[in-house]
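Worksheet for the structure shown next.
All of the numbers you see were taken from the coordinates with simple rules; none came from a lab. None of these values were measured; they are calculated from a predicted model. Counting neighbours? That spans all protein chains shown, and the Cβs are built from the backbone with ideal geometry, glycine included.
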């Protein structure tokens, strides 16, 4: 994985998150909480599927994780999941483990970013949306 630089985009597209929640801070936090709970469970299942060399399950879970991450704007983690999707056809366990490690590290970076984001610090919602 390439090192993060100051020019790197943030791991989360907060505008996408704001759009999904129509700028409502409570909804944004709810979406983030749901994503984290769901993704934590999916990551455990994906780890088990890689360890057990279950190619169909790896492909299904990696696809699901990439899609969920893309939908909510957790962009940084999409790449490792997309790279993991075709792994079953290749059968390279060490590569799958490396990609899973990258996904886990990036997911942890997303969680750290979210903990320090304005979403959890400020009272004002993200983005251009204002409550009427």
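Table for the structure above
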quantity	calculated
Computed log₁₀ I(q)/I(0) - Debye formula, equal Cα scatterers, no solvent, the range 23-120, q 0.11, 0.25 Å⁻¹	-0.32, -1.31
Potential extension, residue 34-residue 8 segment - 0.36 nm per residue separation minus Cα distance	6.8 nm
Percent of C-alpha pairs per 5 Å bin, the range 5-75, short to long	3, 16, 21, 19, 15, 13, 8, 3, 1
In nm, spacing of pseudo-spin labels at residue 116 and residue 20 (7 Å Cα→C-beta vector)	2.2 nm
